[in-house]
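The values are calculated or read from the model by the stated rules, or taken from the named source; none is laboratory data. Predicted, not measured: the structure shown is a model, and the values here were computed from it. All Cβ positions, glycine included, derive from the backbone under ideal geometry; neighbour counts span all protein chains shown. Heavy atoms of the whole protein, side chains included, go into the accessibility calculation; ligands, DNA and RNA do not. Shrake-Rupley method; radii C 1.70, N 1.55, O 1.52, S 1.80 Å.
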Amino acid sequence: MTMIEHRNSLELLAPAKNLAFGVEAINHGADAVYVGGPGFGARSAAGNSVADIEQLCAHAHRFGARVYVAFNTLLRDDELAEAERLVHQLYAAGADALIVQDMGLLQLDLPPIALHASTQTDNRTPEKVHFLEQVGFSQVVLARELTLAQIRAIADATSVPLECFIHGALCVSYSGQCYLSHAVTGRSANRGECAQLCRLPCSLESRSGQLLAQDAHLLSLKDMDQSANLRALIDAGIRSFKIEGRLKGLDYVKNVTAWYRRALDTILAERPELGRASAGRCHYSFTPDPAKSFNRGATDYFLHGRKPDITAFDSPKFVGEPVGTVARLGPNWLEVTGVPAGIEFHNGDGLTFFTEKRELTGLRINRAETSRLYAAEPLRGLKTGMPLYRNHDQAFAARLAKPSAERRIGVRLCLRDSATGVTLTLSDEQGVCAQAQLALDKQPASQPERALASLHEQLARLGNTLFVAEAVAIELAQPWFIPISALNQLRREGIAALEAARRQAYRRASRQERQQPAPRLGNTSLSYLGNVYNGAAEAFFREHGVEQIAPAFEANQEEGEVALMISKHCLRYSFNQCPRERGPGFKPEPLQLKMGNDRYRLRFDCKRCEMQLLGRLKTGKGRG
């Protein structure tokens, strides 16, 4: 199977919670999917059996698409043997790559499966990405916080394919550098059990006691949406475009995958030097619109530098798309004015609004009569003039609940004479070819023109197969009489032969070789931020020049106040306390964050333009 060189191939990478979600992601246009295995994935609630992953691989590989298994948790010493055994099972099941955080895996006896460096390995610099390339990673997932200039600098200094997130939820901390959940609850984000404390309400106070914000979601960010920046990301060197969401619903996977498939296909049509990473074209029974799937608002984050609109302080929930304001209220109905063009209400729609206390509240529409909406529950807290949002479009959801995409591989068919009859040759869009033979006592057709039209029509009928006929060529000495049943059988045998040829032609990417002598990491010491949780990881880093290695935070050995979160999001900036923005002479007060009964001091590294949340490991918590 012809595979496009990675420097010119664009990969759309979609999330898969389970087998069914993965199949639909492929059907809706993904070039690859990432899925959790039975264990050691960074989403403990999104695990899958090896048997299901094997089925997903079989489906994906039919299109030349790939399956990456998230294996990106930190491992204890007593888990290494089980991890090694599981990797062998996943490779035997057909998995194309592992997404890895723990460097201890590179010390194990693994099959030749490709390794991708998870974003949790904190990939922010050309030096770090180059090191990962040298030690055997075939793809690197960049930190979400990078600017275009930083991405371009990494691409210029490396040759490994670069992957970045383009859509979905944002962690407020650099991935792999958040320990808040483990410190407070014993549930480690680096072990796939994040408690998502960053989505809780909290308050911001100055040292003098000034209350800057109260009961707001100060660590909650909007969701990423890089729809408008795909061309810029391509030019900067990104080749794999990743959608977040292994815990999201099937409607999200279908809708968002289809949205980016269309966007990338538009770019590919403009850029002949680029190619798709898999085969097949998709047709949808709906119009993709990411605004209709779960989101907390949209931001392109730091891609073009720091901006003030990256946060979702009001709510970490799905507010929905604006649909107008409340004009009138009745005992069980409301009327809406200022409805945007294209918005129609349906029975079963879900609406939201913010109360006067800025609390997000929802209601369901029992019956919609144009702009008069009859609610299924009392309209508590709703007042005239309040903006309304829709977070559930019943008609859109109903379309997505049904089969909503068809993906077919283009094929050219050619019927030619052979010594014993006729030969049907099939050639698909990736250059894979197959043939089928039909023995025939050649008799001229009594109605040549009609016979010729029938040959075209019957050969093009590929029905519910994987393929769609892009062209049918009849290269016979003359139209022969061929019974329709025989022609149909020839076509079926040709399709079966092409599928078999595609299976045989499919090749998994090979493991990147580790360079010798072992490259140096560049640091001679690692703190708990190095996430070294087992002896194999320690041996890896010692092999690469690190002399002093502290255990991971999950080892529960940190004492005193440490950075529990390192973030590019800055509350000084959000509340007009940034010295760079305010100019010379401004001296900001120290700030602290109150979350429930806990208080956390904030430390600001203005040189790196980062914020650290400082706190202590609580005693008596679980040990990961």
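Kindly establish whether THR299 is open to solvent by 60 Å² or more (accessible area, probe 1.4 Å) and not basic (Lys, Arg). Talk me through it step by step, then tell me what you get.
Numbers: open to solvent by 60 Å² or more (accessible area, probe 1.4 Å): no; not basic (Lys, Arg): yes.
No; evaluated as a whole, the condition is false for this residue.
For LEU86, are the conditions met, namely being more than 22 Å from ARG261 (Cβ to Cβ) and more than 19 Å from the chain's Cα centre (by Cα)?
Numbers: more than 22 Å from ARG261 (Cβ to Cβ): yes; more than 19 Å from the chain's Cα centre (by Cα): yes.
Yes; evaluated as a whole, the condition is true for this residue.
Within segment 255-268, take every residue that is in contact with a strand residue (DSSP E or B) (Cβ under 8 Å, 6 or more places away or on another chain) and open to solvent by less than 10 Å² (accessible area, probe 1.4 Å) and give me the one that is farthest from ASN27 (Cα to Cα).
For segment 255-268, the residue satisfying everything is ILE267.
Being open to solvent by 50 Å² or more (accessible area, probe 1.4 Å) and in contact with a helix residue (DSSP H, G or I) (Cβ under 7 Å, 6 or more places away or on another chain) narrows it down to one of GLN478, GLN489, GLN504, so name that one.
GLN478
What number of residues within segment 318-332 satisfy the criterion of being part of a loop (DSSP other than H, G, I, E, B), modelled with pLDDT of 95 or more and open to solvent by 50 Å² or more (accessible area, probe 1.4 Å)?
0
Filter segment 381-400 down to the residues that are in contact (Cβ under 8 Å) with a residue 60 or more places away in the chain and either on the phi > 0 side of the Ramachandran plot or not in a strand (DSSP E or B) (or both) and list them by number.
GLY385, MET386, ASP393, PHE396, ALA397, ARG399, LEU400
Taking only segment 269-290 into account, find how many residues are in a loop (DSSP other than H, G, I, E, B) and either surrounded by fewer than 21 Cβ atoms within 10 Å (Cβ to Cβ) or in contact with a strand residue (DSSP E or B) (Cβ under 6 Å, 6 or more places away or on another chain) (or both). Walk me through how you get there before you give the answer.
Residues of segment 269-290 that are in a loop (DSSP other than H, G, I, E, B), as a first pass: 271-274, 277-280, 285-289.
Next, only the ones that are either surrounded by fewer than 21 Cβ atoms within 10 Å (Cβ to Cβ) or in contact with a strand residue (DSSP E or B) (Cβ under 6 Å, 6 or more places away or on another chain) (or both) stay: 271-274, 277, 279-280, 285-287, 289.
Total meeting the criteria: 11.
Among the listed residues ALA65, ALA92, ALA70, which satisfies the condition of being within 30 Å of GLY410 (Cα to Cα) and within 16 Å of the chain's Cα centre (by Cα)?
Answer to the selection: ALA65.
For segment 222-241, which residues satisfy the criterion of being closer than 17 Å to LEU13 by Cα and either among the β-branched types (Val, Ile, Thr) or not in a strand (DSSP E or B) (or both)?
The answer is GLN226, SER227, ASN229, LEU230, ARG231, LEU233, ILE234, GLY237, ILE238.
Would segment 486-507 turn up any residue that is over 30 Å from SER427 (Cβ atoms) and touching a residue at least 12 places away in the same chain (Cβ under 8 Å)? Walk me through how you get there before you give the answer.
Pass one, segment 486-507, residues over 30 Å from SER427 (Cβ atoms): none.
No, segment 486-507 has no match at all.
Here are LEU170, LEU200: which of them is touching a Ser or Thr at 6+ places or on another chain (Cβ under 9 Å), within 15 Å of ALA312 (Cβ to Cβ), open to solvent by 30 Å² or more (accessible area, probe 1.4 Å) and of a type in the set (A, V, I, L, M)?
LEU200
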